[in-house]
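First up is the structure itself, then whatever we jot down about it.
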Amino acid sequence: MRVAEYMRSVAVSLPPAASLADAGEAMTAYGLPWVPVVQNGRLLGLVGAGDLAAARPSPATTLTVGEITYHLTTIPVSAVMRLDPPVVAPDTPLAEAAGLLRDESVGVLPVVEDGRLVGLLGAGDLIALLAAGGPQGW
């Protein structure tokens, strides 16, 4: 069993200049906890919900709603994204990808072919696969 058989297509990606607000809107619209940051088809990094939460002002802030909105719309995702996330190729065995997800403590692996982002494999995808009886021969 190979990653290509179980990866999902890239529903949304963002350029590095996209704002934190753009990332939050994309995650909400697509129901994702992370979004790849891509330029010219090449993966630059990943931005996740945790990255956005860490970049938000404290709930105890004295900033106004307008100031918080300004903050979130002016900071680019490139300032908070995870650079050089672990990646896999479409022909990577599923067992190897599962081990990488575990070892790197990440929730998603970008699938890259010839330097270009071609898909995503999430930990949830593998858990769903196992819950459904799993592929034979991992």
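From helices alone, the chain scores -10000 deg cm²/dmol at 222 nm; the rule is -39500 (n - 2.57) for each run of n ≥ 4 DSSP H residues, then divide by the residue total. The modelled label-to-label distance between Ala54 and Ala123, using points 7 Å beyond Cα along the C-beta direction, is 1.5 nm. Dipole size of the chain about its Cα centre, with +1 on Lys/Arg Cβ and -1 on Asp/Glu Cβ: approximately 120 debye, rounded to the nearest 20.
Set the Förster distance to 35 Å, then compute FRET efficiency between Glu5 and Thr73 from the Cβ-Cβ distance, nearest 0.05. Once rounded, the FRET efficiency stands at 0.30.
Across the chain, Cα-Cα pairs more than 26 Å apart make up 29 percent of the total. The simple spin-label model puts a point 7 Å past each Cα toward its Cβ; for Glu96 and Arg116 those points are separated by 2.2 nm. Angle between the Cα long axis of helix 94-104 and the longest principal axis of the chain, 0 to 90 degrees, nearest 10? Its long axis makes an angle of about 40 degrees. What's the angle, to the nearest 10 degrees (0 to 90), between helix 65-74's Cα axis and the longest principal axis of the chain? For helix 65-74, the angle is close to 50 degrees.
Summary value for region 3-131: 31 percent relative contact order, contacts being C-alpha pairs under 8 angstrom separated by 6+ residues.
Bear in mind these aren't lab numbers, they're just calculated from the coordinates by the rules spelled out. Bear in mind the structure is a predicted one, so any value in this text is a computation, not a measurement. Glycine gets a Cβ as well: all are built from the backbone with ideal geometry, and neighbour counts include every protein chain shown.
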